[in-house]
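Inspection log for the structure reproduced underneath, given as structure tokens.
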Amino acid sequence: MYGGAKAVFYALSRSSFLKRLASRYGMAGGASFARRFIAGETIEDAIAAAKRLEAQGLLLTLDYLGESVETLDEAVAATREYVRLMDLIVASGIERNISLKLTQLGIDVDRATCVDNLRRILEPAGRHGFYVRIDMEHSRYTAMTLEIFETLWAQQYRKLGVALQAYLFRTEQDVRRLNALGAQVRLVKGAYKEPPSIAYKQKADVDAAFLRLARLLLDEGTSPAIATHDERLIDAVRAYVDQRRIGRDQFEFQMLYGIRRDLQASLVAAGYRMRVYVPFGREWFPYFMRRLGERPANLGFVVRALLRER
Ligand SMILES: Cc1cc2nc3c(=O)[nH]c(=O)nc-3n(C[C@H](O)[C@H](O)[C@H](O)COP(=O)(O)OP(=O)(O)OC[C@H]3O[C@@H](n4cnc5c(N)ncnc54)[C@H](O)[C@@H]3O)c2cc1C
């Protein structure tokens, strides 16, 4: 069921008919269904959401949605949008932290141009003291993403981190290598459809790998981010850091916008660093479908919202 629901929603996420339908209804009004998970379509919407989160003691990272761009023009447009976003973040006074995807910067079109685009973002990011996190996408990009990250790291880009996915068999080796570099990792379970030859398929196996890797990051890594809404795993991490006397400033929890807001608030109240990933932009459909696939019960919420709106 775990993999099955994900696979169905993954297939649906590629449907252009559904995308048109969702674009029409999903973000139309203030209470539209996609707004639960996406901060809005504009940078201004995202900054307003970020300010509300900061007022609650939450940290944040802003993600300009978009992925799998097919032309260099689109990749350059996304790069410009990130640069504009950083200017507006600086002007707004919110925390300077962004997340991005290499397929949005054109890795599918031309790897060298993608790296150039990333540098175009890192240059003003460095000047303004931004932290930049590279999301991890489908396994066809894992090696490339890590090569690019490690090259830039070697070139002294130090306010740069990357995400690693616990469901991939290779990740333990990647964690050990990045720990040795002193690089910062965001650990996630993994959100894409992967074959059993390279990834755990059962939830219990993914969870066990996540906890094993989280401990490795907490013991030997640098400021790791433990990114999950899984309360059992969060409790296990809390117990582990207590037992090992790891300070609360040595790591952070991360969750997605709109998911387990109760748990986000209780972690802040308990004195943990808790960062919320705030996605925004017009290209929200694939992101939204991944969130539905993780928890098919969300579909009921969407259908109820649609019935109310129409
Ligand atoms: C900050 C952050 C960044 C991420 N970056 C990446 C990335 O770069 N690459 C990548 O592949 N994946 C990324 N992910 C997604 C991740 O891989 C998982 O798909 C996602 O976090 C769901 O897994 P989970 O750890 O919450 O555990 P699950 O076992 O899926 O869920 C545990 C519990 O969390 C709650 N929950 C989980 N998902 C939802 C939802 N959609 N709606 C409502 N409740 C939910 C439910 O209560 C559920 O029982 C990121 C996740 C976070 C939090």
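The values are calculated or read from the model by the stated rules, or taken from the named source; none is laboratory data. The structure displayed is predicted, hence computed values, not measured ones. Methodologically, a virtual Cβ is constructed for each residue, glycine included, from the backbone with ideal geometry; neighbour enumeration extends over all protein chains shown.
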Inset, instruction - Any chance you could count how many residues in segment 124-158 are within 13 Å of the ligand (Cβ to nearest atom), assigned to a helix (DSSP H, G or I) and in contact with a Phe, Trp or Tyr (Cβ under 8 Å, 6 or more places away or on another chain)? - result: 1
Legend entry - Cβ-Cβ under 6 Å pairs, at least 6 apart or on other chains, segment 269-281 side more than 12 Å from Gln56 (Cβ to Cβ), far side assigned to a helix (DSSP H, G or I) and away from the ligand (no atom under 16 Å from the Cβ): Phe280/Asp45
Inset, instruction - Kindly establish whether Leu118 is among the aliphatic types (A, V, I, L, M), touching a helix residue (DSSP H, G or I) at 6+ places or on another chain (Cβ under 9 Å), closer than 23 Å to Pro279 by Cβ and free of Cβ contacts under 8 Å to residues at least 40 places away in the same chain. - result: yes
Inset, instruction - Inspect segment 173-195 for any residue being more than 17 Å from the chain's Cα centre (by Cα), near the ligand (Cβ under 9 Å from one of its atoms) and at pLDDT 95 or above and give the result as yes or no. - result: no
Inset, instruction - Inspect all residues belonging to segment 271-292 and state whether any of them is surrounded by fewer than 15 Cβ atoms within 10 Å (Cβ to Cβ), away from the ligand (no atom under 15 Å from the Cβ), closer than 26 Å to Ile94 by Cβ and more than 19 Å from the chain's Cα centre (by Cα). - result: yes
Inset, instruction - Please state which of the following conditions Gln243 fails to meet, knowing it meets all the rest: (1) surrounded by fewer than 17 Cβ atoms within 10 Å (Cβ to Cβ); (2) in contact with a helix residue (DSSP H, G or I) (Cβ under 7 Å, 6 or more places away or on another chain). - result: (2)
Legend entry - Selection from segment 91-123 of residues that are part of a loop (DSSP other than H, G, I, E, B) and over 16 Å from the mean Cα position of the chain (by Cα): Gly93, Ile94, Glu95, Gly106, Ile107, Asp108, Val109, Asp110
Inset, instruction - Collect the residues in segment 272-293 that are among the small types (Gly, Ala, Ser) and under 17 Å from Glu137 (Cα atoms), keeping them in residue-number order. - result: Gly293
Inset, instruction - Could you please let me know if Gln104 is on the phi > 0 side of the Ramachandran plot and polar (S, T, N, Q)? - result: no
Inset, instruction - Can you give me the number of residues within segment 51-69 that are loosely packed, with under 15 Cβ neighbours inside 10 Å and not in a loop (DSSP other than H, G, I, E, B)? - result: 3
Inset, instruction - Please verify whether segment 214-227 includes one or more residues that are surrounded by 14 or more Cβ atoms within 10 Å (Cβ to Cβ), within 14 Å of Ala166 (Cβ to Cβ), of a type outside the set (Gly, Ala, Ser) and within 11 Å of the ligand (Cβ to nearest atom). - result: yes
